[in-house]
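Colleague: First the structure, which I've put down as C-alpha cells, then a few questions once you've had a look.
Here, each number is a calculation from the coordinates, and none is a lab measurement. Everything numeric in this text was worked out from a predicted model, so none of it was measured. When we count neighbours, we look across all protein chains shown, and the Cβ atoms used for this are built from the backbone with ideal geometry, even at glycine.
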Amino acid sequence: MAFNNDLSVILPRVLIVSRRSVRKNKFVDFVGEYHLDLIVTYGAVPVIVPRVNGVHMLLDSFEPIHGVLLCEGEDIDPSLYEPETSGLSPEEIEEIRRLHASDTAVDKEKDSIELRLAKLCLERNIPYMGICRGSQVLNVACGGTLYQDIGKELTRKLPEDQRVVHMDYDNYDGHRHFVKVVENSPLHCWFKDSLEVGKMDILVNSYHHQGVKRLAQRFVPMAFAPDGLIEGFYDPDAYNPEEGKFIMGLQFHPERMRRPDSEEFDYPGCPSAYQEFVKAVLAYQKKLNSSTALPKPLKLNKEMENKRKIIVRSFSLAKNLYTTGIEMNPTKQSELEAGAEFLESNTALSVQQENRLKQMGATVRKGSHYIEKLKLNEERDRLARNVMGKMSVEQLSDLMSFYHMMGQICSEVLERKLNGIVNDNAC
C-alpha cells in the first residue's frame, strides 16, 4: 500500500497514559480495554504514553496531539493540591493505606506526566476527558483540591441516609450508586431519555476513595452523589464538540456501566461521553490541519515585486561571489546593497555568518552594529544560564515545552512566508 502523507486522511491521535502494575515480580504498564475500544469505535487512534521514568520530559515527541484521555491510577500526591495536611491524623492516614493499599502508593512520575498533559490541553484548548483519577487530575491542574479520603473526611460526618459507598472491592464492575444529574448539562443531554418522569437520578459505577473537595473556579458541576460529592463537571466555555472544544471530568465510569455478562450498556447514554469527546477530537484535528496548511501565496503589487526581485538578485550575487571566489565587477557591487539592508533590518548575524560576509567582500554597512549585538547576546546568554541553573526540573521542562510550542508556531509562519516568496518567483 502506498504511503499517504496527507494529514487530512490520518486519524486523530488520543493520548492515554498507562498505569503501572506488578505482574510476576515485574512492572507492567496497562490501559483498560474499554477505553481503547470506545476511542477506536468512534474514529480516533489511542496512543499509549508509557508510565516510565523521564517520559514527562519527552511529551513533545508524541505530537501531534489531538486529544487526551486520562483514566485510572493511584492517588495523586497530596502535596500537589494541599499546602498542608487535610487534618487527618497519622493513625488515620495509616488506616487509609491499609484499606486502600492498591491505590494509596503515590506515583510521582504518572502525576508529572498527566498534569503536564492536562495543562497542555488547557493552554492549547486540546480536547480533554478525565475518567475517575483523570477528573481529579483536571481539577488539581486548575487549582482545585481533593478529599484525601472520602470516608474519613466526608462520609463519617453525614447521617446514615446520606452516606454513599463509592467503591466495593468485592464487586468492582457491578457496584452502583445514585447520582443526581444537573439539568441542561451535557450529562443531562446524554441521559435525559433514561430519566424517570420528574426525577434526575441515574445509577453509576464508581471505584474511588478520593474525590473533588473544592472544584476549580472554571468548572461547573454536572452530577452530585447523595453525600454531596461532585461526580461530574465540565468547562462550559470550552465545550462545543462540533468546534473541537471538550474539557470534562467524570468521577464515575460510564465505560463499565454494562449489564451482567453482557456488553450492553445500562443506559443508551453511557458511551455518549466518548462519542462526543471523539467528535471534538476530530474537529480539533481538522481545525489544526487547516491552520497549518500552507495558504495560497499573496500577490505582490508591482513596486513590492520589483523590490523582491532586487533582493533576490543581491543574494544570488553574494552566493556566487562566495562559492566561486572570483572578484566582482565594481559596477555590480552596488547591487549587494539591497541584500545588506535587508539583513541589517531582519537578521541578527552569528560570528560565522559575519565572517562569511566579510570573506565574500559583501558591502554590509555598520559592521560594528552586528558585533555589538553579538556581545549583547553573549551577556544575555550568560544571565539566562544563571537564572535557569536555579530553576527546578519541572520549571525547566515547562519552559522548554513553551519555547518548543513557540518554535513550532514560528516555523509554520516562516514556512508560509517562504512558500509565498518561492511561488511568486515561479509565476
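Colleague: Which chymotrypsin sites (Phe, Trp or Tyr not before Pro) in the stretch 132-226 sit in a loop by DSSP (not H, G, I, E or B) and have at most 11 other Cβ atoms within 10 Å of their own Cβ?
Modeller: Taking the stretch 132-226 and a limit of 11 other Cβ atoms within 10 Å, the loop chymotrypsin sites (Phe, Trp or Tyr not before Pro) found are 169.
Colleague: Also, I was wondering about something else. Would you mind computing, in nm to one decimal, how far apart the modelled labels at residue 173 and residue 45 are, each placed 7 Å from Cα along Cα→Cβ?
Modeller: 2.9 nm
Colleague: Would you mind checking the pairs 119/213; 119/287; 213/279; 24/152; 24/213 and listing those with alpha carbons more than 25 angstrom apart?
Modeller: 213/279; 24/152; 24/213, as the Cα separations exceed 25 Å there.
Colleague: If r is the Cβ-Cβ distance from residue 289 to residue 27 and R0 is 25 Å, what FRET efficiency results, to the nearest 0.05?
Modeller: 0.10
Colleague: Tell me, what does the Kirkwood hydrodynamic radius of the stretch 62-206 come to in angstroms if you use every pair of distinct C-alpha atoms?
Modeller: 17.5 Å
Colleague: Shifting gears a bit: What distance in nm separates the two pseudo spin-label positions at residue 306 and residue 58, each 7 Å out from Cα along the beta-carbon direction?
Modeller: 5.7 nm
Colleague: Cα extents of the stretch 152-241 along the three principal axes, largest first, in whole Å?
Modeller: 37, 31, 24
Colleague: Let me ask another. Enter the Cα centre distance for the pair the stretch 116-145 and the stretch 39-87, rounded to the nearest angstrom.
Modeller: What the calculation gives is 9 Å, centre to centre.
Colleague: Report the FRET efficiency, 1/(1 + (r/R0)^6), for residue 197 and residue 242, where r is their Cβ-Cβ distance and R0 is 22 Å, rounded to 0.05.
Modeller: 0.15
Colleague: So how much slack lies between residue 88 and residue 261, counting 0.36 nm per residue of separation and subtracting their Cα-Cα distance, in nm?
Modeller: The span from residue 88 to residue 261 would gain 58.2 nm if fully extended.
Colleague: Taking the square root of 5 times each eigenvalue of the Cα gyration tensor, what semi-axes in Å does the equivalent ellipsoid of the stretch 221-290 have, largest first?
Modeller: 26, 18, 7
Colleague: Tell me which GluC sites (Glu not before Pro) from the stretch 107-155 have a DSSP coil assignment and no more than 15 other beta carbons within 10 Å of their own.
Modeller: Filter output for the stretch 107-155: empty list.
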